[in-house]
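The values are calculated or read from the model by the stated rules, or taken from the named source; none is laboratory data. Here the structure is a predicted model, which is why all the values come from computation and not from measurement. Because the Cβ atoms are built from the backbone with ideal geometry, glycine has one as well, and the counts that use them run over all protein chains shown.
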(Lines give C-alpha, C1' and ligand atoms only; values in the text may rest on other atoms or scores of the structure.)
Protein backbone atom coordinates (compact mmCIF):
# COMPACT_ATOMS: atom_id res chain seq x y z
CA UNK A 1 0.00 0.00 0.00
CA UNK A 2 2.92 2.35 0.66
CA UNK A 3 4.23 1.71 -2.84
CA UNK A 4 0.78 2.44 -4.29
CA UNK A 5 0.76 5.74 -2.38
CA UNK A 6 4.25 6.49 -3.66
CA UNK A 7 3.18 5.81 -7.26
CA UNK A 8 0.11 8.05 -6.94
CA UNK A 9 2.30 10.74 -5.37
CA UNK A 10 4.71 10.58 -8.29
CA UNK A 11 1.99 10.66 -10.92
CA UNK A 12 -0.60 13.03 -9.43
CA UNK A 13 -0.18 14.45 -5.94
CA UNK A 14 3.15 16.25 -6.28
CA UNK A 15 2.12 18.02 -9.49
CA UNK A 16 0.78 21.11 -7.65
CA UNK A 17 4.07 21.87 -5.93
CA UNK A 18 6.08 21.04 -9.03
CA UNK A 19 4.11 23.48 -11.20
CA UNK A 20 3.68 26.34 -8.74
CA UNK A 21 6.43 25.95 -6.14
CA UNK A 22 3.91 26.89 -3.42
CA UNK A 23 4.34 24.90 -0.17
CA UNK A 24 1.18 23.04 0.84
CA UNK A 25 -0.55 23.23 -2.55
CA UNK A 26 -0.37 19.43 -2.77
CA UNK A 27 -3.22 19.28 -0.26
CA UNK A 28 -5.49 20.13 -3.19
CA UNK A 29 -5.04 16.48 -4.21
CA UNK A 30 -5.90 14.98 -0.82
CA UNK A 31 -8.59 12.72 -2.28
CA UNK A 32 -6.02 10.60 -4.15
CA UNK A 33 -4.15 9.69 -0.97
CA UNK A 34 -7.30 9.63 1.20
CA UNK A 35 -8.77 6.82 -0.89
CA UNK A 36 -5.59 4.79 -0.53
CA UNK A 37 -5.16 5.45 3.20
CA UNK A 38 -8.81 4.75 4.01
CA UNK A 39 -8.69 1.48 2.09
CA UNK A 40 -5.54 0.42 3.92
CA UNK A 41 -6.98 1.30 7.35
CA UNK A 42 -10.03 -0.83 6.56
CA UNK A 43 -7.90 -3.63 5.15
CA UNK A 44 -5.88 -3.84 8.38
CA UNK A 45 -9.15 -4.35 10.32
CA UNK A 46 -8.04 -2.58 13.48
CA UNK A 47 -4.70 -4.35 13.82
CA UNK A 48 -2.38 -1.97 15.57
CA UNK A 49 0.81 -0.52 14.06
CA UNK A 50 0.28 -1.69 10.50
CA UNK A 51 -0.99 1.70 9.35
CA UNK A 52 1.86 3.40 11.22
CA UNK A 53 4.43 1.14 9.53
CA UNK A 54 2.82 1.69 6.13
CA UNK A 55 2.90 5.47 6.50
CA UNK A 56 6.48 5.38 7.82
CA UNK A 57 7.53 3.44 4.72
CA UNK A 58 5.52 5.87 2.59
CA UNK A 59 7.29 8.84 4.20
CA UNK A 60 10.65 7.23 3.42
CA UNK A 61 9.66 6.49 -0.18
CA UNK A 62 8.51 10.06 -0.90
CA UNK A 63 11.75 11.68 0.26
CA UNK A 64 12.82 12.37 -3.37
CA UNK A 65 9.42 13.90 -4.28
CA UNK A 66 7.79 17.28 -3.66
CA UNK A 67 5.15 15.80 -1.36
CA UNK A 68 5.39 17.01 2.22
CA UNK A 69 8.21 19.46 1.61
CA UNK A 70 11.30 20.03 -0.50
CA UNK A 71 12.77 16.95 -2.19
CA UNK A 72 15.44 15.03 -0.26
CA UNK A 73 14.55 16.69 3.03
CA UNK A 74 14.01 13.96 5.60
CA UNK A 75 12.86 16.34 8.34
CA UNK A 76 9.97 17.57 6.19
CA UNK A 77 8.31 14.14 6.41
CA UNK A 78 8.41 13.74 10.21
CA UNK A 79 4.89 15.15 10.55
CA UNK A 80 3.51 12.24 8.50
CA UNK A 81 5.10 9.71 10.81
CA UNK A 82 3.90 11.47 13.98
CA UNK A 83 0.40 11.82 12.55
CA UNK A 84 0.28 8.16 11.49
CA UNK A 85 1.35 7.10 15.00
CA UNK A 86 -1.39 9.20 16.64
CA UNK A 87 -4.12 8.13 14.23
CA UNK A 88 -3.13 4.46 14.37
CA UNK A 89 -3.23 4.56 18.15
CA UNK A 90 -6.56 6.40 18.33
CA UNK A 91 -8.56 4.87 15.50
CA UNK A 92 -7.47 1.26 15.75
CA UNK A 93 -8.46 1.41 19.42
CA UNK A 94 -12.10 2.10 18.50
CA UNK A 95 -12.30 -0.03 15.34
CA UNK A 96 -14.15 -2.95 17.00
CA UNK A 97 -16.84 -0.65 18.39
CA UNK A 98 -17.68 0.66 14.93
CA UNK A 99 -17.37 -2.79 13.38
CA UNK A 100 -19.86 -4.33 15.83
CA UNK A 101 -22.39 -1.61 15.01
CA UNK A 102 -21.76 -1.97 11.26
CA UNK A 103 -20.65 1.68 11.03
CA UNK A 104 -17.20 1.27 9.50
CA UNK A 105 -17.98 3.88 6.85
CA UNK A 106 -18.32 6.49 9.61
CA UNK A 107 -15.18 5.23 11.32
CA UNK A 108 -13.09 5.57 8.18
CA UNK A 109 -14.56 8.98 7.28
CA UNK A 110 -13.81 10.32 10.76
CA UNK A 111 -10.33 8.79 10.59
CA UNK A 112 -9.60 10.33 7.18
CA UNK A 113 -10.81 13.80 8.15
CA UNK A 114 -8.77 13.64 11.35
CA UNK A 115 -5.67 12.31 9.62
CA UNK A 116 -5.67 14.74 6.69
CA UNK A 117 -6.58 17.79 8.81
CA UNK A 118 -3.97 16.97 11.46
CA UNK A 119 -1.23 16.38 8.89
CA UNK A 120 -0.73 20.04 7.84
CA UNK A 121 -1.21 21.32 11.39
CA UNK A 122 1.44 18.99 12.81
CA UNK A 123 3.63 20.15 9.95
CA UNK A 124 3.01 23.79 10.88
CA UNK A 125 4.04 23.01 14.46
CA UNK A 126 7.27 21.21 13.50
CA UNK A 127 8.56 23.08 10.46
CA UNK A 128 9.35 26.40 12.22
CA UNK A 129 12.24 24.56 13.84
CA UNK A 130 13.84 23.88 10.46
CA UNK A 131 12.47 26.39 7.92
CA UNK A 132 12.45 30.19 7.55
CA UNK A 133 9.38 32.19 8.65
CA UNK A 134 8.46 33.06 5.05
CA UNK A 135 8.06 29.38 4.20
CA UNK A 136 5.88 28.79 7.28
CA UNK A 137 3.79 31.88 6.51
CA UNK A 138 3.09 30.64 2.98
CA UNK A 139 2.30 27.15 4.27
CA UNK A 140 -0.16 28.51 6.86
CA UNK A 141 -1.96 30.69 4.34
CA UNK A 142 -2.23 27.90 1.75
CA UNK A 143 -3.44 25.35 4.32
CA UNK A 144 -5.96 27.87 5.69
CA UNK A 145 -7.36 28.43 2.21
CA UNK A 146 -7.39 24.72 1.37
CA UNK A 147 -8.87 23.52 4.68
CA UNK A 148 -12.44 23.16 3.28
CA UNK A 149 -11.02 21.30 0.27
CA UNK A 150 -9.00 19.01 2.55
CA UNK A 151 -12.09 18.21 4.64
CA UNK A 152 -14.37 17.56 1.64
CA UNK A 153 -11.77 15.45 -0.16
CA UNK A 154 -11.05 13.49 3.04
CA UNK A 155 -14.74 12.68 3.39
CA UNK A 156 -14.97 11.65 -0.26
CA UNK A 157 -11.74 9.65 -0.04
CA UNK A 158 -12.95 7.83 3.06
CA UNK A 159 -16.27 7.03 1.40
CA UNK A 160 -14.69 5.79 -1.85
CA UNK A 161 -12.06 3.82 0.06
CA UNK A 162 -14.86 2.14 2.01
CA UNK A 163 -16.72 1.32 -1.21
CA UNK A 164 -13.59 -0.24 -2.73
CA UNK A 165 -12.97 -2.22 0.47
CA UNK A 166 -16.56 -3.53 0.54
CA UNK A 167 -16.44 -4.46 -3.15
CA UNK A 168 -13.17 -6.38 -2.74
CA UNK A 169 -14.37 -8.03 0.44
CA UNK A 170 -17.57 -9.24 -1.26
CA UNK A 171 -15.56 -10.64 -4.19
CA UNK A 172 -13.24 -12.62 -1.89
CA UNK A 173 -15.96 -14.26 0.20
Notebook entry, point to check: Of all residues in region 46-84, which are outside any helix (DSSP H, G or I) and at pLDDT below 90?
Noted result: 65, 66, 67, 68, 69, 70, 71, 73
Margin query: Quick check on this structure: which one of 25, 31, 62 is within 27 Å of residue 170 (Cα to Cα), buried (at least 18 other Cβ atoms within 10 Å of the Cβ) and either in contact with a helix residue (DSSP H, G or I) (Cβ under 7 Å, 6 or more places away or on another chain) or in contact (Cβ under 8 Å) with a residue 60 or more places away in the chain (or both)?
Written below: 31
Checklist line | Extreme residue, nearest to residue 21 (Cα to Cα), among residues of region 94-137 that are buried (at least 17 other Cβ atoms within 10 Å of the Cβ) and out of contact with any helix residue (DSSP H, G or I) (no Cβ under 7 Å at 6 or more places or on another chain) | finding: 131
Notebook entry, point to check: Hey, among 164, 150, 110, which residue is free of Cβ contacts under 8 Å to residues at least 60 places away in the same chain and in a helix (DSSP H, G or I)?
Noted result: 110
Margin query: Please pick out the residue among 38, 8 that is in contact with a helix residue (DSSP H, G or I) (Cβ under 6 Å, 6 or more places away or on another chain), in a helix (DSSP H, G or I), closer than 29 Å to residue 167 by Cα and modelled with pLDDT of 90 or more.
Written below: 38
Next item on the list: For residue 131, state whether it is part of a helix (DSSP H, G or I) and either modelled with pLDDT of 95 or more or more than 21 Å from residue 31 (Cα to Cα) (or both).
Entry: no
